[in-house]
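As structure tokens, the structure follows; a few thoughts come after it.
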Amino acid sequence: MDILKRTRVVQDFPKPGIGFFDITTVLKDAEAFKYVIDTFHKEYTDLEFDLIAGIEARGFIFASALALKMNKGLVLIRKPGKLPAETYKEEYALEYGTNAIEMHKDAISEGDKVLLLDDLLATGGTLEAASKVIEKAKGKIAGIGLMIELDFLNGREKVKNYPIFSIANVSE
């Protein structure tokens, strides 16, 4: 299945000049959504890991569905101020601004192997920050899974020390 054909690109969102990959069209299509989860499952069936982490907000969708399917615990990596207990925090740059993410300090135990999922890799800032909060908790990144990777933004460079799997790649 060509998942890109089922993904809508909205021009000039959230700022002029940005082409936003809207995955709601994939999520409302049961066949496409199932394809994404089944593809991740197939890719990671033989990988040794303890937990699946999802990045707010769209990474939560894939991480929670895959965690349930693979009988793994789920870790939420969120925007600041949304987690009630003590957190690790990491700031990062987006292609259209800056932000930060947080993760509960007790979400990951020392030595836990974590599969990190998100919907899209653009500049790599969010994934790099998520990797850093996992490592602050002394967890290890077992792999990074993405529905879409925008190759032309070279975001992979920021997380090149980890195994990365992308279901679909966009070259330009």
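The values are calculated or read from the model by the stated rules, or taken from the named source; none is laboratory data. Worth saying up front: this structure is predicted, and the values here are computed from it rather than measured. Glycine gets a Cβ as well: all are built from the backbone with ideal geometry, and neighbour counts include every protein chain shown.
In the range 120-143, what residues are of a type in the set (A, V, I, L, M, F, W, C) and in contact with a helix residue (DSSP H, G or I) (Cβ under 6 Å, 6 or more places away or on another chain)?
Across the range 120-143, the qualifying residues are 121, 122, 127, 141.
Based on this model, can you work out whether residue 93 counts as in a strand (DSSP E or B) and free of Cβ contacts under 8 Å to residues at least 40 places away in the same chain?
Considered against the rule, which asks whether it is in a strand (DSSP E or B) and free of Cβ contacts under 8 Å to residues at least 40 places away in the same chain, residue 93 comes out as yes.
So which pairs qualify, if the first residue must be in the range 54-66 and within 14 Å of residue 103 (Cα to Cα) and among the small types (Gly, Ala, Ser), the second must be modelled with pLDDT under 95 and in a helix (DSSP H, G or I), the Cβ gap must be under 6 Å, and the two must be at least 6 apart or on different chains?
No pair meets every condition.
Take residue 22 and tell me if it is touching a strand residue (DSSP E or B) at 6+ places or on another chain (Cβ under 9 Å), under 21 Å from residue 104 (Cβ atoms) and of a type in the set (D, E, K, R).
no
Kindly check whether there is at least one residue in the range 97-119 that is among the hydroxyl-bearing types (Ser, Thr, Tyr), farther than 17 Å from residue 43 by Cα and either crowded, with 18+ Cβ neighbours inside 10 Å or touching a residue at least 60 places away in the same chain (Cβ under 8 Å) (or both).
No, every residue in the range 97-119 fails to be among the hydroxyl-bearing types (Ser, Thr, Tyr), farther than 17 Å from residue 43 by Cα and either crowded, with 18+ Cβ neighbours inside 10 Å or touching a residue at least 60 places away in the same chain (Cβ under 8 Å) (or both).
If we keep just the residues of the range 1-41 that are charged (D, E, K, R) and in contact (Cβ under 8 Å) with a residue 60 or more places away in the chain, which is surrounded by the most Cβ atoms within 10 Å (Cβ to Cβ)?
In this case the residue turns out to be 15.
Which one is surrounded by the most Cβ atoms within 10 Å (Cβ to Cβ) among residues in the range 67-80 that are in contact (Cβ under 8 Å) with a residue 12 or more places away in the chain and farther than 14 Å from residue 133 by Cβ?
Checking each candidate, the answer is 67.
Hey, does the range 147-164 have a residue that's of a type in the set (Lys, Arg), over 22 Å from residue 34 (Cβ atoms) and touching a residue at least 60 places away in the same chain (Cβ under 8 Å)?
no
Is it the case that residue 13 is assigned to a loop (DSSP other than H, G, I, E, B), closer than 19 Å to residue 148 by Cα and of a type outside the set (D, E, K, R)?
Against the criterion (assigned to a loop (DSSP other than H, G, I, E, B), closer than 19 Å to residue 148 by Cα and of a type outside the set (D, E, K, R)), residue 13 qualifies.
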